[in-house]
Structures are given as C-alpha cells and as structure tokens.
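What follows draws every value from the coordinates through simple rules; no lab data is involved. What you are looking at is a predicted structure, and each value in this text was computed from that prediction instead of being measured. Cβ sites come from the backbone with ideal geometry, for glycine too, and all protein chains shown count toward neighbours.
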Amino acid sequence: MKKIYELNKLDWQLAGYTPFTWQQEQTHELGISPNADIPSIPAPVPGSVQMALRQQDILPDWNMGLKSRDCEWVEHRHWVYSVVLPDEWITGEPCRLRCLGLDYAGEIRLNGKTVYEFANGFISHSIELSDFEEKDNLLQIVFTFSPQWLGTPARTSEIKEWKSRFNYTWDWMPRIVQIGIWDDVTLETTITEEFSDLHIIGDWDIEKETGILALKGDVSGASDNQVKLSLSQSDKVIREETVSTDAFSAGVDWQDLAVDAWWPNTYGDQPLYELTTTLLNSSGDVLDTDQRQVGFKHVEWRPCDKQVSKEADPWICVVNGTPVFLKGVNWSPIRPNYADVPESEYRRRLELYKELNMNCFRVNGVGILEKECYYRICDELGLLNWQEFTLSCGGLDNDPPRDAETVASVAEWAGDYVKRRRHHVSLFQWGLGNELLEGDSKAHQPITKEHPMYVGVNKVMQKLDPSRRFMQGSATGPTFYAGTGNRDSGTHWDVHGPWEVMNCPVDEWEETYWVGDDALFRSEVGAPGPSSVELIRKYIGDQKEYPCNMDNPMWRRTSWWIQWPVFVKEMGREPKDLEEMVEWGQAHQAEALRIAAKTCRDRFPEIGGILFWHGHDSFPCLTNTAMIDFDGNPKPAALAVGEVFAKDV
C-alpha cells in the first residue's frame, strides 16, 4: 500500500551561506559546515528563512518600526535546509518527494547529489528519488537567489519570474521577500500503483433537488485493479460503487444523490460530505486511498437588470436557482511570510468575515494560490472564492507577457492550480489576474479574451475545469474605472475604484458619486482609514507616531493613504494628536464604506455585488484601505459594512 510520510514533523536544520560557498563542501554535513555564514539553526517546516532567523534572535521583528529594512540582507545569502530521513522509511521501494510550495529557486539534493532544480514559487513539485544509502540519508533543499525586483512600479509585460510580487513593496507592504518552504513536504513510498490525478466536481440538480457528482482520475497499476467510491456524511453511507480503473478513467457520473445543497453565507447552510476513493487490487487489498470533502451547488450567470450593453458579461451569480448578492473583500495573504501562517490564523480571519455577513472573496492576483486549509475552511463557512492566477498590474505597464514561451509557462502552473483546488465547493470562478490592461497603461483598457495570455491559459481551463467561468482579469469591459461622466453608456462592466472619497466631504459622497451608478459589478472599492491607536503604539518601535503626514517616515511608508490633508481641509486645522487623527480617520473610512456597501446592495440586481479593497492588513500599516487590522481586529469600517450586509437584498 502507498504510504505518505510527513516531513514537516522531522527536525530540520537551516544554514546560511555566502552565495555558492555551500557548493565547495565535500561532506553531507552542510548544516555544520565551517563555511556557513549562519551556522546550523532549527527551522520549522513549513516556514520561512526569516522566521527561523527571528526565532534565534538573528533577525529583529520586522513588524516593529522600520526594522524590515534591517532584514533585507537575507535575500543576498543562499540557504540550505537539511534533514536526515528516518531509516525505516527507506525500504528499497520507489519513493517520491512532494513539495507543495518552495519559494523561490534552488535545488534539491540527496546525499550530496543534485536530484532536482526549481525556479517557481507557485507550483507544487514532485521528485522521484532513488540511490539511497543504507542509513542516514540526507535530504537538503537549497534556496539560491530570488528576483531582484517584482514590486510596483514595474512593467508587467517583462515579469516572467513566478514569485509573489506583493513582498517586494506595494502600497500596503514594505519589502519583505520571503524565502523558504511555504507548504507541506511529504515522502511517498510504494508508488507503482496509485492515483496520480483526481477530478471531482459536485453539482446540484435544481429541478430534482438532488446532488450530482462527476468523478474520474488517472490510475497507474495492474489492469485488473478496481476503484471503490464511497460518499458519506457522519458515518452514513449515501452511495458506494466499485468500478474498473478503465471506467474510472473514463468518468463516473452519480445522479440523484440524496444530499442537501450548499449555500453561500447568509443564504443557507453549508452541508459537506466525505468522498473516499480507494484503489484495490484483485484480492481486495488497498493500494492507495484519497479522502476529501465535497459539497453540492449549481452556479449560473445572468445579465444584470437594466443592463445596457448586450455584449457585457453577466454579473448576477445565481446559486441553486437563487440570485445571490456577492458581498465581500479582496483577499491577500495574511502575512508577507505566508509560510509561517498556521491554520488557526486562517480560521480566525475567515470566521470574522463570516460574522460580518460576507460571502465572497476575490483571491487577488498580487498574492498566491491560497493553501488547502484556506479552501477547506471556506467550504465550511460558505465563503465563495474567485481565485485569480498570480498575474498583476505593474504601473509602468499592466500588459501580461504575450510571447508563446511565457504563455506556455503560465498555462502549465495554472493547470497545477486547477488540479489542486477544483474539488472545493467554495470555488466558483477563476480569473487570469489583477488589473491587466492592454498595451499603454494610460489608456486604462482592460485586456480582452483575445489577449494571447488568456487564449493560452483558457485552453487549459476548458480541459481541466470547464464548468467554472474563467475571466480574463479584473477589471473587465471597455473601461477600468466608472466615472460619473459617461453613465448609461454601457461601458461600466466589472470596474475598479474609487479607493477614496474625492472632491467632496464624505457625507456628500453618496449624492455626488453613487447616485446614478450603472456599474454591473465592483470588484475593488475602498477608502483609507488608520489602524487603532493601540496597534500603532504596539508596532511603532523607536519611531515617532506623530505627525501623521509625509514628514514622518512611518506614515510615509503608506503614503497613498495619508489623510492629513483631508483632515486639514475639512477641519480648517491640523489634528492635535494621534488620537484625534485616528478617531476622525476611522469614522471617515466607516462612513465611506457604509455608503458604498448600501448603495450597491440597494441596486441589486442591477449590480451583481461589491468586493472591497481590501480585507485585512498583511503588515501593521499605520493607515491603509484594509478594514481589519494586522492583529485581526475589525476597524469601525468593517462593523459598518457588516451591518449593511446583514440586511436582506
């Protein structure tokens, strides 16, 4: 039987080297080498190099003051993770090392020999291992250089290195370039007879009010092996069937399942079921098994009411026959070193969003394919996911690469995304990326489905997950931003902005901007607001908390969102202290987002929904558009939006 061992539970060691000096070693014991710049230290896996160093007091807390600047030297070393595999795991049978996330580039070594090279922080890695020694087999994962710059400003058309970009500096993030093993590592043995890919999609028959389950997969092994399928809930078996491997590879369709429908948050319950897929030999012995939770929902898209353009994408999401108002936020990684985020932190954030009556996330293309635990919890809580591939704007241009080689590369890792997450009932839509614009970014023309990158990736999507909608980006349509000058023209489809109250006091914003809105969907809307006084003082370090303007380097770090000039204009004076600035700024943000949420809610179904930019701070920003602060506490804006979203549409 196939066995899977968790390498996360082993005692990993980490050593840092001046570039390439680790290659001069003649022994397996790199971790204790005298050539190591940073000698061997314990290292959590998954985990970032930065966190391992911080736990040993080699790095300061980068969240304090401007200390993140003191951590940038980490990028200029090579880092070697080392672990000795337990002898009892190695039995002479074929083995496979599986790494779900390596950030970013380097090589894997077994007993001092290179067995694999990698340069992609987004995909999972599968490596066949052999040539073991009798005992004390040393496995090492070496990280070399990360790209020098992927932040903003940049030219999207020239970015062809696949690593999360927000780490390099964004309007809500200083430079903290993660290095390390950011997801699970396992060793698989007895891999000659196994499942290599499973395609499982649940659906809901609206007329019959029964479940539908499509199952198929790739299987290796003897031709007389069989696949046993079992759907259950709380130990109650709903359906079981045993089929040949050929039949399973061709596809098995289960109809009329006696299950309950899965609903988005605030629209109903989220019943989940356990699907067990087992590979059996002719004697009935178990060769491989897979267990995962599934749910049953049906999604259709309908045009918005009073939609002017017949060419516009439909933006009313109909779940199980019921039009659903999509209400939520753009999701970004909880921390810049997302390798270090435990499942408990995911659950804490996600449960808060549920309590705020939200039902939808756009997993923004500035980040990553979120972890399995994120999707599993979203399934439980009724939180829909629009997962974007990790392409994003650059500012200097926002046009994705068009050359065939890069398109093929993106299509390959997009396929990896799809295979790993398509079984989740909370996943309802895919997107190519964030704020992707044609050619000259000054034109602010979102790319169309004729863009070479979309065409190439869409071929993979139609093969691997044809039942879900795949958007060419966000925003989409003739215009990026919905101004007030060309309403009723049919040009405002899925639009972005505004991200602040402009040209009026906040109490006039509804009348001056939102009345008469004709956008079909708003996938980014925001307004800045400061963190609490307590959080600011917790993370201020040796810096000054006041003045709250561009003269202060702590506030200048998120310069886009400084509201000092707005305060002065409205109040006719400067704020007297931090407390006054925070109280005013948080109230300003709360009212702005309340207005946006209410006007969109009241327009439904003339608009499909609203997603705020953004949900939570990934860094202790003194001010930002996030409605949940770095410590996971809601700002007044979050509570105001949650109150609006609590009301039925």
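Results, tabulated for the structure shown:
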item	result
Highest-first arrangement of 63-76, 485-498, where packing means the average Cβ count within 10 Å	485-498, 63-76
Local electrostatic count, residue 317, Cβ distance below 9 Å [Lys/Arg +1, Asp/Glu -1]	0
Which of 341, 111, 491, positive extreme of dipole for the chain (C-beta unit charges)	491
Average Cα contact separation per residue, the range 474-568, under 8 Å, 6 or more apart, as relative contact order %	22 percent
Mean-position separation - Cα centroids, the range 178-257 and the range 393-438, in angstrom	26 Å
Dipole magnitude of the range 359-474 about its Cα centre (Cβ charges: Lys, Arg +1; Asp, Glu -1), debye to nearest 20	480 debye
Taking 453, 554 and counting other C-beta atoms within 10 Å, the order from fewest to most	554, 453
Rel. contact order, % - alpha carbon contacts under 8 angstrom, at least six apart, the chain	12 percent
At least 24 Å along the helix axis (C-alpha) and Kyte average at least -0.5, DSSP helices within the chain	404-421
Rounded, prolate or oblate (a/c below 1.5 giving rounded, otherwise prolate when a/b exceeds b/c) for the chain by Cα gyration tensor	oblate
Listed residue (436, 411, 238) projecting farthest to the positive dipole end of the chain, Cβ model	436
Summed residue charge, Cβ within 15 Å of residue 48's Cβ, Lys/Arg positive, Asp/Glu negative	-2
The range 359-474: relative contact order as a whole-number percent, Cα under 8 Å and 6+ apart	31 percent
Electrostatic dipole magnitude of the range 241-397 [Cβ: Lys, Arg +1; Asp, Glu -1; Cα centre; debye, to 20]	820 debye
Ratio Rg/Rh, restricted to the range 3-189 and using Cα atoms, in which Rh is the Kirkwood radius	0.98
Rounded to 5, the percent of DSSP beta bridges in the chain classed as antiparallel	75 percent
Low-density loop positions, GluC sites (Glu not before Pro), the range 151-233 - DSSP coil, at most 14 other Cβ in 10 Å	207, 209
Listed residues 202, 166, 225: farthest to the positive end of the dipole of the range 162-228 (Cβ charges)	166
For peptides 8-14, 273-279, 584-590, 308-314, sequence by mean Cβ density within 10 Å, most packed first	584-590, 273-279, 8-14, 308-314
Which listed pairs, of 2/419; 310/463; 306/419; 9/463; 236/371; 354/576, have C-alpha distances above 26 Å, in listed order	310/463; 306/419; 9/463; 236/371; 354/576
Charge dipole magnitude, Cβ of K and R +1, D and E -1 - the chain, Cα centre, debye nearest 20	1020 debye
Separation between Cα centres of the range 606-629 and the range 325-367, rounded to whole Å	10 Å
